[in-house]
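A.B. asks: Here you go, one structure.
The values are calculated or read from the model by the stated rules, or taken from the named source; none is laboratory data. Quick caveat: nothing in here was measured; it's all calculated off a predicted structure. Here Cβ is always computed from backbone atoms with ideal geometry, including for glycine, and neighbour counts include all displayed protein chains. To get the accessible areas, we keep the full protein, side chains included, count just its heavy atoms, and leave off ligands, DNA and RNA. Shrake-Rupley method; radii C 1.70, N 1.55, O 1.52, S 1.80 Å.
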Amino acid sequence: MSFDGHTTSSGSYPGPAGSIALNANVLVLNKYYQAIRVINVRRAFSMLCKELAEVIHIEDEGAGKSKWLNLNFTDWQELSSLKAEFEPDDYEWIHTVRFQIAVPRIIRLLGYDKLPRQDVKFNRRNIYARDGSKCQYCGKKFPTTDLSLDHVTPKSQGGKSTWDNIVCSCIRCNVKKGGRTPEQAHMHLITKPVKPKRSPVINIRLADERYSSWKQFLDNAYWTVELK
Ligand SMILES: [Zn+2]
């Protein structure tokens, strides 16, 4: 079975399912239920089909209660067909030639026992995500191609390339600031730059209601990291 050539994004289901299901994100847990990364739907289904992973489905039971279900691919297919009938708007759908299946939000790798990385990688993508792609001087949002990374205290004055000394800046503000500190240039940072506690990319997803079920696993990961 292929999820590459024979899929279409949801067309027949309205509501939240109207978005392009293949662009949805899936949270991956290790076998100890610790969040380790976010992947795309295609990779998630590929691992489910190979039985390397199972779906963790959080069923809302109302009154603030919920329960989890551990489901293999066949179980998930069966549950999907019920959901398609009764709650189509609550899910995003992948249509294959033979059937339709709901996009899972969380999967668990059955044989993977490595622990989550404790540290947020210091790279361009995570810095842009931390700063919400906003210039930290003028506060405007820019496409990443129009943003550069600015050393708050310039390298020429001993500034380091670290989380608390690098921010996103638009080209205009970068030029205006030149080789000066914000004080010297009479410019102000809109937020004090700090090292994020967890992946800023995941934080952005969490703001999306579709991924609310991730929260309990991420909080768990967060506390695990903090207590070590
Ligand atoms: Zn700017």
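A.B. asks: Taking the Cα centre of the chain as origin and charging only Cβ (+1 Lys, Arg; -1 Asp, Glu), how large is the dipole, in debye to the nearest 20?
C.D. replies: Roughly 1520 debye for the chain.
A.B. asks: If N is the number of residues in segment 158-198, what value comes out of its Cα radius of gyration divided by 2.2 N^0.38 Å?
C.D. replies: Numbers: Rg = 11.0 Å, N = 41, 2.2 N^0.38 = 9.0 Å.
So segment 158-198 has a normalised radius of gyration of 1.22.
A.B. asks: Shifting gears a bit: Could you tell me the accessible area of residue 114 in Å² (1.4 Å probe, neighbours in place), rounded to the nearest ten?
C.D. replies: 130
A.B. asks: Return the distance in nm (one decimal) between the two label points of a simple spin-label model at residue 156 and residue 90, each offset 7 Å from Cα along Cα→Cβ.
C.D. replies: With each label point 7 Å from Cα toward Cβ, the separation is 6.0 nm.
A.B. asks: Still on this structure, I have one more. In nm, to one decimal, how far is the residue 124 label point from the residue 77 one, both placed 7 Å along Cα→Cβ?
C.D. replies: So the label points at residue 124 and residue 77 sit 4.2 nm apart.
A.B. asks: Just by accessible area at a 1.4 angstrom probe, what is the order of 171, 56 from largest to smallest?
C.D. replies: Highest to lowest solvent-accessible surface, that is 171, 56.
A.B. asks: Excluding same-chain pairs closer than 8 in sequence, count the lysine pairs in segment 70-156 whose Cα atoms lie under 23 Å apart. Don't skip to the answer; put the middle values down first.
C.D. replies: Values: 121/134; 121/141; 121/155; 134/155.
For segment 70-156, qualifying lysine pairs total 4.
A.B. asks: Still on this model: Computed on alpha carbon atoms, what radius of gyration and Dmax characterise the chain, expressed in Å?
C.D. replies: Taking only Cα atoms of the chain, I get Rg and Dmax of 21.3, 65 Å.
A.B. asks: Further, regarding this structure: Answer rounded, prolate or oblate for segment 68-141, using the Cα gyration tensor with square roots of eigenvalues a ≥ b ≥ c: rounded when a/c is under 1.5, else prolate when a/b is larger than b/c, else oblate.
C.D. replies: Oblate, because a/c is 1.5 or more while a/b does not exceed b/c.
A.B. asks: Could I ask something else about it? Going by a ≥ b ≥ c, the root eigenvalues of the Cα gyration tensor, does segment 16-83 fall in the rounded group (a/c under 1.5), the prolate group (a/b larger than b/c) or the oblate group? Before the final figure, lay out the partial values.
C.D. replies: Values: a/c = 1.34, a/b = 1.16, b/c = 1.16.
Since a/c stays below 1.5, the shape of segment 16-83 is classed as rounded.
A.B. asks: Along the charge dipole of the chain, which of 44, 217, 186 sits closest to the positive end, that is, farthest toward it, with unit charges on the beta carbon of Lys, Arg, Asp and Glu (+1, +1, -1, -1)?
C.D. replies: Farthest towards the positive end: 186.
A.B. asks: Run the dipole for segment 100-224 about the Cα centre, Lys and Arg Cβ at +1, Asp and Glu Cβ at -1, nothing else charged, and hand back the magnitude in debye, nearest 20.
C.D. replies: Computed charge dipole of segment 100-224: roughly 140 debye.
A.B. asks: Once you have a ≥ b ≥ c as the square roots of the Cα gyration tensor eigenvalues for segment 116-183, tell me rounded if a/c is under 1.5, and otherwise prolate or oblate according to whether a/b is larger than b/c.
C.D. replies: Here segment 116-183 falls in the oblate category.
A.B. asks: Of 64, 132, 178, which has the largest mean-square fluctuation in a 10 Å C-alpha GNM of the chain?
C.D. replies: Checking each option, the largest mean-square fluctuation is seen for 64.
A.B. asks: Report the extension gain between residue 192 and residue 209 in nm, rounded to one decimal, defined as 0.36 nm multiplied by the number of residues separating them, less their alpha carbon distance.
C.D. replies: 3.4 nm
A.B. asks: Cut-off under 19 Å on the C-alpha distance; same-chain residues fewer than 8 positions from residue 50 excluded. Which aspartates and glutamates are left, in chain and number order?
C.D. replies: 4, 75, 78, 113
A.B. asks: Next question. Normalise the Debye intensity by I(0) for segment 127-221, one equal point scatterer per Cα, no solvent, then take log10 at q = 0.13, 0.17, 0.21, 0.25 Å⁻¹ and round to two decimals.
C.D. replies: Results for segment 127-221 at q = 0.13, 0.17, 0.21, 0.25 Å⁻¹ read -0.49, -0.75, -0.99, -1.27.
A.B. asks: Round to the nearest 10 and report in Å² the accessible area of residue 208, as given by a 1.4 Å probe over the protein chains' heavy atoms.
C.D. replies: Surface accessible to solvent at residue 208 totals approximately 50 Å².
A.B. asks: Keeping all protein chains in place and using 1.4 angstrom, which order do 80, 66 fall into by accessible surface area, from largest down?
C.D. replies: Values: 80 0, 66 65 Å².
Largest accessible area first, the list is 66, 80.
A.B. asks: What distance in nm separates the two pseudo spin-label positions at residue 60 and residue 185, each 7 Å out from Cα along the beta-carbon direction?
C.D. replies: So the label points at residue 60 and residue 185 sit 4.5 nm apart.
A.B. asks: Run the paramagnetic zone check for residue 138: 7 angstrom along Cα to Cβ, then residues of segment 171-198 with backbone nitrogen under 12 Å.
C.D. replies: 171-177
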